[in-house]
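A.B. asks: Encoded as structure tokens, here's the structure I'll be asking about.
Since every read-out is calculated from the coordinates, none of them should be taken as a lab result. None of these values were measured; they are calculated from a predicted model. Here the Cβ positions follow ideal geometry from the backbone for every residue, glycine too, while neighbour counts run over all protein chains shown.
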Amino acid sequence: MTELERKRDRAPVPSQWDYAPAPEARDLVQLRERYGHFVGGEWLEPKETYATIDPSTEEPLAEVGQATNEEVDLAVRAARDAFTNGWSDISPAERAKYLFRIARILQERSREFAVLESLNGGKPIRESRDVDLPLSAAHFFYYAGWADKLEYAFPNRKPRPVGVAGQIVPWNFPLLMLSWKIAPALAAGNTVVLKPAETTPLSALLFCDVVRQAELPPGVVNIVTGDGRTGAGLVKHEGVDKIAFTGSTEVGKAIHRELAGTGKRLTLELGGKAANVIFDDAALDQAVEGIVNGIYFNQGHVCCAGSRLLVQESISEPLIGKLKRRLETLRVGDPLDKNTDVGAINSRQQLDKIKELVASGEEEGAEIYQPPCRLPEKGYWFAPTVFTNVAQSYRIAQEEIFGPVLSVLTFRTPDEAVEKANNTPYGLSAGVWTEKGSRILAMAQRLRAGVVWANTYNRFDPASPFGGYKESGYGREGGRHGLEPYLEFE
Ligand code: NAI
Ligand code: MG
């Protein structure tokens, strides 16, 4: 029982509100000791393996394969076989049926998938349960609807599938990024070889079960696991017609160089350094919620995270005050606890990167604030952090930190806000907070960002295209636009 404190004549209240632990059941997930590659509908015994861990405890969860070029080759051949021997010719309505099945199975097994996603990736169960899983299923439902309507989506253009797609996804939304890649590719009649990120392969491997349960023809979906070497092997493979990549700008540029002149199609969804712009007429409490969701959601491992807060100078003090008080209420800890707001950092490598950039912020002269919070001893953790007094030239205002770290800058006029917001090599997303509709529209016109949210942040819908400008990449995922990279036209 918490101690009761008597406050003058008011009823006694506990001096500290605490949440009892509310852990989700880990045993919803049955892990195998060892996983192979999923090729042509069968499990291929891997030549080399490595251990994948739980980043919140550093405990090994399973052995998974590190695919060699020969194994990648087998997967690409299986995809080619499936493409030529049936999948590209079956009726589009048949294809849609498989996608609907996958969507429904994901819904049925969503609790299991959510636990696995949190276990292997460190994200709070509340987020995997309420965001990753519903959105993954929604993506399959959405593209199932397009499969037999391609002629209407692209009238008079005679769409046909590209062939075999090589797809490489990152670790921040493992199953959701898989869905963003696989659903439109299949709807358009392609077959795929997908490589999950090395730190988070398990939900993609469980997805192979779903593929079997849906009785998808063998070879339509192939999954190979491994690190960047496997990814590079897939990019180089001559049997691949199209590469879809989500990850770092650095690797995106390398892939771009590699594919130049090969005729292979390429879409890139890369990093970001989004501005979340708060005008003086914004509803401050709502804005604070949007700021928190913008940067602390998924530990800030979000390409479209609102990592640069641009506040109009006149409201800077009250807003930052409210934000700091709100941060004190964030619960950092066990990803499988339903009350957790901020989970574990995905990997030691990512934690080191965050620490290095935060140290550079302090050195360059920014003022750091972290709410008091006790971090677990094992595993990879970083406290929610806010930097004020940030100059545009500081690394923390320029580089993608990809962690729970917010850099605050101020502005006086809308022009200055636009100039500062656009002053980055990236252009993936932005947020605008104001009561004025006209100002929202004016800002949306002038911000060089693929997505501009108004009085909200980090909202996703499969019908809405997503993608960047400049070094954030090219090509769109989601919506009708998301089908185009997987189609050829006469
Ligand atoms: P990364 O770009 O190295 O990894 C993303 C995916 O690409 C993984 O599946 C990886 O195995 C694969 N990959 C790595 N090297 C490759 C290569 N040469 N050819 C083909 N595939 C390759 O990103 P990393 O190292 O995990 O994270 C570094 C930084 O990148 C992060 O701190 C963050 O700033 C950014 N990032 C951005 C993401 C986004 O959603 N835009 C996602 C992940 C990371
Ligand atoms: Mg890397």
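A.B. asks: Within 10 Å of each candidate Cβ there may be at most 14 other Cβ atoms; applying that plus a DSSP loop requirement, which GluC sites (Glu not before Pro) in the stretch 308-381 survive?
C.D. replies: Glu328, Glu377
A.B. asks: What is the magnitude of the charge dipole of the chain about its Cα centre, with +1 placed on the Cβ of each Lys and Arg, -1 on the Cβ of each Asp and Glu, and no other charges, expressed in debye to the nearest 20?
C.D. replies: 1000
A.B. asks: Using the alpha-carbon atoms, what tilt in degrees (0 to 90, nearest 10) does helix 348-364 show relative to the longest principal axis of the chain?
C.D. replies: Rounded to the nearest ten degrees, it is 40.
A.B. asks: With 10 angstrom as the radius, rank His37, His301, His256, His237 by how many other C-beta atoms surround their C-beta, starting from the fewest.
C.D. replies: Taking fewest neighbouring Cβ atoms as first place, the list is His256, His237, His301, His37.
A.B. asks: Which loop trypsin sites (Lys or Arg not before Pro) in the stretch 103-170, with loop taken from DSSP, have no more than 16 other Cβ atoms within 10 angstrom of their Cβ?
C.D. replies: Answer by residue number: Lys149, Arg157.
A.B. asks: Stretched out fully, how many nm does the piece from Gln30 to Ser464 gain, at 0.36 nm a residue minus the Cα gap?
C.D. replies: 152.8 nm
A.B. asks: Quick check of the Kirkwood formula: for the stretch 260-337, what is the inverse mean of 1/r over all pairs of different Cα atoms, in Å?
C.D. replies: Across the stretch 260-337, the inverse of the average 1/r is 14.7 Å.
A.B. asks: Can you list residues from other chains, or at least 5 along the same chain, whose modelled amide H is less than 5 Å from the amide H of Ala366?
C.D. replies: Sorted by chain and number, the residues that satisfy this come to none at all.
A.B. asks: Which value in nm describes the separation of the simple spin-label points at Lys149 and Glu59, placed 7 Å from the Cα toward the beta carbon?
C.D. replies: Inter-label distance under the simple model: 4.6 nm.
A.B. asks: Let me ask something else about it. Tell me, what does the Kirkwood hydrodynamic radius of the stretch 162-310 come to in angstroms if you use every pair of distinct C-alpha atoms?
C.D. replies: Computed over Cα pairs of the stretch 162-310, the Kirkwood hydrodynamic radius comes out at 16.9 Å.
A.B. asks: Would you kindly derive the ³J(HN,Hα) couplings of the stretch 453-470 from the backbone phi angles with the Karplus curve 6.51 cos²θ - 1.76 cosθ + 1.60 (θ = phi - 60°), listing them in order in whole Hz, with x for Gly and Pro?
C.D. replies: Along the stretch 453-470, the couplings run 8, 10, 6, 6, 7, 6, 9, 10, 8, x, 7, 9, x, 9, x, x, 10, 6 Hz.
A.B. asks: For the Cα atoms of the chain, what angle does the longest principal axis make with the long axis of helix 202-213, in degrees from 0 to 90, nearest 10?
C.D. replies: For 202-213 against the chain, the angle is about 40 degrees.
A.B. asks: Could you pull out the trypsin sites (Lys or Arg not before Pro) across the stretch 326-381 that fall in loop regions by DSSP (anything but H, G, I, E, B) with no more than 10 other Cβ atoms inside 10 Å?
C.D. replies: Here the sparse-neighbourhood loop sites are Arg374.
A.B. asks: Please turn the phi angles of the stretch 133-140 into ³J(HN,Hα) values with the Karplus equation 6.51 cos²θ - 1.76 cosθ + 1.60 (θ = phi - 60°), one per residue in order, whole Hz, x for glycine and proline.
C.D. replies: Using θ = phi - 60°, the values come out as 6, x, 5, 4, 4, 4, 5, 5 Hz.
A.B. asks: Only helical DSSP H runs with n ≥ 4 go in: add -39500 (n - 2.57) per run for the chain, normalise by residue count and round the 222 nm mean residue ellipticity to 500 deg cm²/dmol.
C.D. replies: -11000 deg cm²/dmol
A.B. asks: Around Thr410, which amide H atoms from residues at least 5 apart in sequence, or from another chain, sit under 5 Å from its own amide H, with H modelled in the peptide plane?
C.D. replies: Val311
A.B. asks: Could you name the aspartates and glutamates whose alpha carbon sits less than 16 Å from that of Lys236, not counting residues in the same chain fewer than 8 places away?
C.D. replies: Once the sequence-local aspartates and glutamates are set aside, what remains near Lys236 is Glu70, Glu71, Asp73, Asp227, Glu258.
A.B. asks: Then there's this: Sort Thr329, Thr424 so that the residue with the fewest other Cβ atoms within 10 Å of its own Cβ comes first and the one with the most comes last.
C.D. replies: Fewest to most other Cβ atoms nearby, the residues stand as Thr329, Thr424.
A.B. asks: Would you mind classifying the stretch 32-110 by shape? Square roots of the alpha carbon gyration tensor eigenvalues, ordered a ≥ b ≥ c; an a/c under 1.5 is rounded, otherwise it is prolate if a/b is larger than b/c and oblate if not.
C.D. replies: oblate
A.B. asks: Between exposed chymotrypsin sites (Phe, Trp or Tyr not before Pro) in the chain, where DSSP calls loop and at most 12 other Cβ atoms lie within 10 Å, what's the longest gap?
C.D. replies: The reported range is 20-490.
A.B. asks: Please give the direction-averaged projected area of the C-alpha convex hull for the stretch 275-461, in square nanometres with one decimal.
C.D. replies: For the stretch 275-461, the mean projected area of the Cα convex hull comes to 10.4 nm².
A.B. asks: Helix 316-327 versus the longest principal axis of the chain: what angle, 0 to 90°, nearest 10, using Cα atoms?
C.D. replies: That works out to roughly 70 degrees.
A.B. asks: Could you give the length gained on full extension between Asp130 and Arg331, defined as 0.36 nm per residue of separation minus the Cα-Cα distance, in nm?
C.D. replies: Roughly 70.6 nm would be gained on extension.
A.B. asks: For the stretch 275-461, what does the relative contact order come out to in percent, with C-alpha contacts under 8 Å and a separation of six or more?
C.D. replies: After rounding, I find 30 percent.
A.B. asks: Could you line up Ile315, Ile223 from fewest to most neighbouring Cβ atoms inside 10 Å?
C.D. replies: The most exposed by this proxy come first: Ile315, Ile223.
A.B. asks: Now, a different point. Give me the one-decimal nm value for the distance between modelled label points at Ala359 and Arg257, 7 Å along each residue's Cα-to-Cβ direction.
C.D. replies: So the two model labels end up 2.8 nm from each other.
A.B. asks: Put a dot 7 Å past each Cα toward the Cβ at Gln392 and Lys324; how far apart are the dots in nm?
C.D. replies: 2.7
A.B. asks: Largest first, please: the extent of the C-alpha atoms of the chain along each principal axis, to the nearest Å.
C.D. replies: 77, 52, 41
A.B. asks: Residues with amide H under 5 Å of His37's amide H, sequence separation 5 or more or different chain, H placed in the peptide plane at 1.01 Å from N; which?
C.D. replies: Leu44
A.B. asks: Averaging sequence separations of C-alpha pairs under 8 Å and six or more residues apart, then dividing by the length of the chain, give the relative contact order as a whole percent.
C.D. replies: 17
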